[in-house]
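*Asks:* A single structure is presented below for examination.
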Amino acid sequence: MAECIRTGNIKLLLCFAFYLVWWVVGFNPWRPIRGIKSGWLLIPAVLLGVLALYDIVQGLDFFGGLVHGMALVFGGIASYVALLLITGVLLHRPVTSELFIIVLWVTVAFLEINTLVALGSASPELGWTLAALCLAGTAISLVCYQLFYGLTGMAAFVDGAVPLMLAWLMTGLIVLCIG
């Protein structure tokens, strides 16, 4: 189980790397490279993301750990719907795939942490600490998501990169905890 999670997270790290390179190349404020010249980087990012999810799901324990796994799944779905309504309807932010990606990432991260605790690969204290770090990273990412369309130039560039870097760092931390 832990090996599936490790393998999936390594693919997820590569996915984030391609996504971040695409962002740096295509959205830098000095000389962005648009279209297929940078867009092709999204192809391996998406493929690696799908393969990562497949591997990770194979290793998840939905019934052990700190919280019942299905509660985390339904919590992720409810969070996405609520955030979609809050950001899209109340705050009038254009809806983009990034919101789905942020919520999917944190939901999967919570499921992984829960599984690592169930397997004994992480103590409950470490599990709660990792979950709190993931939640903090998600909160920062959601602030960036909301602010993005009001920013320009370097501020928009950095704002768009922050969620990717946070997800990359937290995913790497989860890989290190698998040991």
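The values are calculated or read from the model by the stated rules, or taken from the named source; none is laboratory data. Remember, predicted model here, so these are calculated numbers, not experimental data. Please note: Cβ atoms are built from the backbone with ideal geometry, for glycine as well, and neighbour counts cover all protein chains shown. Remember, those area values only see protein heavy atoms, side chains included, never the ligands or the DNA or RNA. Shrake-Rupley method; radii C 1.70, N 1.55, O 1.52, S 1.80 Å.
*Asks:* How about the stretch 4-60: which chymotrypsin sites (Phe, Trp or Tyr not before Pro) there are in a DSSP loop, with at most 12 other Cβ atoms within 10 Å of their Cβ? Numbers along the way, then the final one.
*Replies:* Numbers: sites: F16, F18, Y19, W22, W23, F27, W30, W40, Y54; in loops: W30, W40.
Here the chymotrypsin sites (Phe, Trp or Tyr not before Pro) that fit, given the DSSP loop and packing criteria, are W30, W40.
*Asks:* Could you tell me the relative contact order of the chain? Use alpha-carbon pairs under 8 Å, at least six residues apart, and round to a whole percent.
*Replies:* On the way: 216 pairs, mean separation 51.3, N = 179.
This gives 29 percent for the chain.
*Asks:* Moving on. With Rg/Rh (Cα atoms, Kirkwood Rh) defined as stated, name the option among [x] 1.12; [y] 0.98; [z] 1.24 computed from the structure displayed.
*Replies:* Given [x] 1.12; [y] 0.98; [z] 1.24, the structure-derived one carries the label [y].
*Asks:* How large is the dipole of the chain about the Cα centre if only Lys and Arg carry +1 and Asp and Glu carry -1, each at its Cβ, rounded to the nearest 20 debye?
*Replies:* Numbers: 6 positive and 7 negative charges, 124 e Å.
With Lys and Arg at +1 and Asp and Glu at -1, about 600 debye.
*Asks:* Where only protein heavy atoms count, and the probe is 1.4 Å, what is the accessible area per residue for the chain in Å²?
*Replies:* Details: 9350 Å² over 179 residues.
Heavy-atom SASA per residue in the chain reads 52 Å².
*Asks:* Tell me, what % of the accessible area of the chain is carbon and sulfur with a 1.4 angstrom probe? Walk me through the intermediate numbers first.
*Replies:* Numbers: 7270 of 9350 Å².
Percent of accessible area from carbon and sulfur atoms in the chain: 78.
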